[in-house]
Every structure is written in C-alpha cells, then in structure tokens.
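Notes follow the structure.
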Amino acid sequence: MSARTRLIADRAMPAGRALARVLAAALAITMITAAGCGRQPASEPAGAAAADSAIEHAVKHMDPKYRCPMHPDVVRDQPGECPICGMTLVKFEPGPDTGSGGPAAAQAAKPLYYRNPMDPNRTSPVPMKDEMGMDYVPVFPDAAGPGVRISPEVVQNLGVRTEPAVMGSLPRRADTVGYVGFDERRVRQVRPRAEGWVESLAVRTMGETVRAGQVLFTLYSPALESAQQEYVDALEIGNADLVDASRDRLGALGLDPGTAARLEKAGKASGRVAYTAPVSGVVTEISLEQGSMVTTEMVAMTITELGSLWVIAEVPEAQSAWVTVGTAAEMSFPSIPGQRVAGRVEYVYPELNMETRTVKARITLETPPAAVRPNMLASVSLVGAAGAETVNIPRSALIRTGTEDRVVIALGDGRFAPRRVVAGAESGERVAITEGLAAGENVVVAGQFLLDSEANLRAGLDRLGSEPPSAGETPPASEAVIHQSHD
C-alpha cells in the first residue's frame, strides 16, 4: 500500500467510527423500545404508535414525571417539593394522548409563556431567571386556563367535597343569642320628695322580696312635719279652701292618701313618715343606709314586680331586615336543658349597636319557667316567612374576601375554577346566590381553600382566574424592563 493510500484510509477511520456509534445507539433504543412494549400493555392506538419515530416511542416508556398537585405546570424528573407552595410533588403517568405523534403534539407541548414562581403576574415569552436566580415556570396550554386540574387521588387526599347548587326558597331563620332581663314596665321607684334622715331601715339588701304595703324605711323630715301641721291648722280653722290646698300639698310631697285621714283622727303632726312598697316584687336597687340623709334627687329603692320577663335577642345586621313584630321565636336556657320555650317578637329596637353590629329584638315571657332568672343567657332562633325561590348553596362553600364573594366550581375531570358571585340572604347553614351561579352546578364545600396555591386568597384566586397572554402579546412595560435586565 502506498503512502497516499494509507493517509486516505487513516482520515476515513474517524468518520466510520462515528457512524458506527450512531448505529449502535439506534440499535440500543430499538431494543429498549421492544423490551418495554413487550412488558406493558399498549397505551395508544396502533396507528398513532406506528407514526412515532423510535426515539419518540422510547420516550413514552421512560420514568414517570413528578407534578405539583396545586401547580400542574411545575413538573420535575425527580421527587421533591414545589418551589411555589412547598407541597410534595406527585408522580403521574403520561396519558394516552401525551406525545401522540406528529407536529400537532409537539406544538401542544410547547409552553405558552413562562411565569415568575413568586409573582404569577410577571411573565416572559422566553425562559429566564428572576432576581433570586429561580427559573421561570413554563405554562402549558392545559394549565393556562381559568382553573386547576388535579388527579382523583389528590382530590381524595385533600378531602375535596362538592355539592350542587339548588333552586328553592330559603326559610328565613336566624340563630343568635340573647339575655334575660326584668320587664321594665313593672319597675317601680321609691323616691322621697322632701329632704330628711333615715331613722329605721326595714329592707337593707338588694334581692329581698317585699309585698305591697310593707314598710321599707322610716324618714324624719322637718319639711313633711310642717306640711302636716298646716293641714291640722286648716282643719281647726274650718276653711274648706284652705283644707283642700293643704291636702293637695301633702299629696305633692309624696305622702299617701291615708295620711290626711290619720291626721284628722290624731289631730297632731309627726315628722316621722313611713314609706311602704308600692307593689310586690324584688328590691333591685337600694341606696339607703341607717341614719343617712335623703335628698330629693335620690332614688331610695327600686322594686321590680314579679311576673313576666324579657328576652333581648341580638339579631345580626344581615338578618335584621325580615325580623319584625310578630316573628316567631324559640328559646332554650342552660338552666332547663332540652326544653324550648316559644314566644314572639314584641318589639324591635330602632337603632343598631355599633360595637356588636346587631339589632335588639324584645321577646316577652308572660309566664316564664321558674328556673329562668334575669341576666341568664338564652339561645334564640327566630323564624320568619319563606322568601322567593333563588339559587342557594351551603354557607361553607362561600369564600368572602371582604371586597367580593367567590365560590370554587367543579368542572369535572379533576378541573376546578373560581367564580365571582353575588351572595344574598343567609338562612341557617345555607346562603342565597343572586348572580354568578346556576342551579345544578357543583360547588366545592370542603377543601376549597386548599385549591388556592397562594397564602393570600385574593391573589391566588385572581391568578387562577386570569387569562394567559395570547401568542405574540407584548408583556407590560414594567415586565419588559425586568426581562431586559436579565437578558
């Protein structure tokens, strides 16, 4: 062999070795594909599989991926945690339509855009990193819609439960609390109308029970003695007009009508006057002591007549519109467990309590149970007439954000999406929806908060409900500046 021939052969050997390596790799991929197909059942139609190249078909038999249950666009080759919410990634198998071949499948697998892992509102048309060096997350067409998709296993693990919205009239019912008080129409005050000193005090403590006509205390008053003496003098003179004027003065000073008769019989005045109970009841207030001075501004004693009691119910502001006079009420008390007392609203107070945001409704118990006493707590249920038919859902399904109301709709096939609604009146454990929801739609009643990937509910649901940027759409100016700085 000549030197020229040997030189040409030496130059041709690297190219031959490279070709041999390519053929060996293709042969290995073919053997792996054949072995994998022999062990597993077919996951796609034969026609679709036949259209795949050897490399595309082998990819379908590679190890499964790991995906975040809250962020379907976060996909990793190895187990780990989601960089957005920190949840453990869940293993998933490629579906029958994954990589079904052809240019259409390759186009569907291409990300629409890339999203900042910490701020979903910041996007980029090309891969990039944020200020902390974290990769932007790709958003695929399936994950860019207004909602999330999770597997049935994850739905079960999260405890997601749904119920359909129904059409019907809600019974107006308000369950609230109240307290028992005295019937203020039966309260009587004992108030002397002349100054004096307490010489004897028959009733000394609050809570004592007294009967009508019982002596409460004896008061020595020079002013009362002077008025009595004038009446005695008028009787001796015999002037009828003077007698009538003196008798009227005795009544104006608070002396009982029997005082004039006693003066006519005794014929002399006395500065010591006994004050008696006007009604039978309980002493609820006392401001006297033995030997203390009494002025005209003082309330010596307060007596509340026994009999009826009041129950003051605190009606929430949202349910106060339909509570009117005559609304039926049911009450239960801790002192008589298991027993309910019926009644009706007798009066609704005209003002709202600024601190509790409630309206007071008064219920009168004409014959209260013996175990019910003033200042006791009561559980009150107010029941009004049913309203018009409307779409209603369980109250647990409603998410209140302070500025708007939302529900999470179950779309089927593991897809969930948030929706803004307008909530109406509440009744027990159900709430009416006036706008944004139709009867028959399934709403999430348990686990709806777990479907939100962000700690801030509003930001999370806004992200789930936002529309992805269309192809070729230019990012906002602020985002363009950020992207330019990274380029």
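Things to note:
- Percent of Cα-Cα distances greater than 14 Å, calculated over segment 281-340: 75 percent
- Spatially proximal lysines relative to K65 (Cα-Cα < 27 Å; intrachain offsets below 8 disregarded): K91, K110, K129
- Value in Å of the Kirkwood radius, where segment 211-302 supplies the Cα pairs that are averaged: 14.4 Å
- Equivalent-ellipsoid semi-axes of segment 311-351, from the Cα gyration tensor, Å, largest first: 22, 11, 9
- In Å, descending, principal axis extents of the Cα set of segment 388-450: 34, 26, 19
- Counting every pair of alpha carbons in segment 335-437, the share spaced more than 19 Å apart comes to 64 percent.
- Local electrostatic count at R357 - Lys and Arg +1, Asp and Glu -1, tallied over other residues with Cβ under 13 Å: -3
- Relative contact order (%) - criterion: Cα under 8 Å, at least six apart; region: segment 290-396: 32 percent
- Equivalent ellipsoid semi-axes - Cα gyration tensor, segment 250-324, angstrom: 42, 16, 12
- In segment 319-418, the trypsin sites (Lys or Arg not before Pro) that fall in loop regions by DSSP, at most 13 other Cβ within 10 Å: R357
- Note on segment 355-397: the alpha carbon radius of gyration divided by the globular reference 2.2 N^0.38 Å gives 1.78.
- Evaluated at q = 0.12 Å⁻¹: base-10 log I(q)/I(0), Debye formula over Cα of segment 303-380: -0.35
- Taken about its Cα centre, segment 210-311 carries a charge dipole of about 340 debye when Lys and Arg each add +1 at the Cβ and Asp and Glu each add -1 at the Cβ.
- Across segment 425-439, rounded Karplus estimates of 3J(HN,Hα) from the backbone phi angles (6.51 cos²θ - 1.76 cosθ + 1.60, θ = phi - 60°) give 6, 9, 9, x, 9, 10, 9, 7, 10, 8, 9, x, 8, 10, 5 Hz, Gly and Pro being marked x.
- Two numbers describe the Cα atoms of segment 211-254: Rg and Dmax, which are 12.7, 39 Å.
- From the C-alpha gyration tensor of segment 245-375, square roots of 5λ in Å: 44, 18, 16
Just so you know, all these numbers are worked out from the coordinates, no wet-lab data involved. Values in this document were obtained by computation on a predicted structure and should not be read as measured data. Heads up, the Cβs are rebuilt from the backbone with ideal geometry, glycines too, and the neighbour counts pull from every protein chain shown.
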